[in-house]
Amino acid sequence: MLANAQLLTRREAAECLRQSVRMVDLLIASGDLPAVRIGRSVRIRPSAIEYFISARESRIKVKVNRRAKP
């Protein structure tokens with residue numbers, strides 16, 4: 001099971017989320033994004049990113065302008 005597991009760096013996680021590394025650091029520090037420390041390195045499971053995204057999904061209402069401007 002663990003042989004196929006791949007951990008992401010903070011930079012790779014930031015790319016997945018399309019955020020800065022600093023934002024990933026803040027999410028980890030706040031506990032919103034679980035991470036693993038291995039020595040001095042910090043790694044994030046891909047499943048943690050998927051869970052983070054799915055936990056924040058919601059139905060967003062978009063206001064549509066029904067009247068076209070001339």
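Read-outs: derived from the displayed coordinates by stated rules, not from any lab. Just so it is clear, the structure is predicted and the values come from calculations on it, not from any experiment. As a convention, Cβ positions derive from the backbone with ideal geometry for all residues, glycine included, and neighbour counts pool all protein chains shown.
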_Sort 28-34, 11-17, 40-46, 61-67 by the packing proxy (mean of other Cβ within 10 Å over each peptide's residues), most packed first._
11-17, 40-46, 28-34, 61-67
*asked:* Compute the helix-to-body angle for 46-56: its Cα long axis versus the longest principal axis of the chain, expressed 0 to 90° and rounded to tens.
replied: 30 degrees
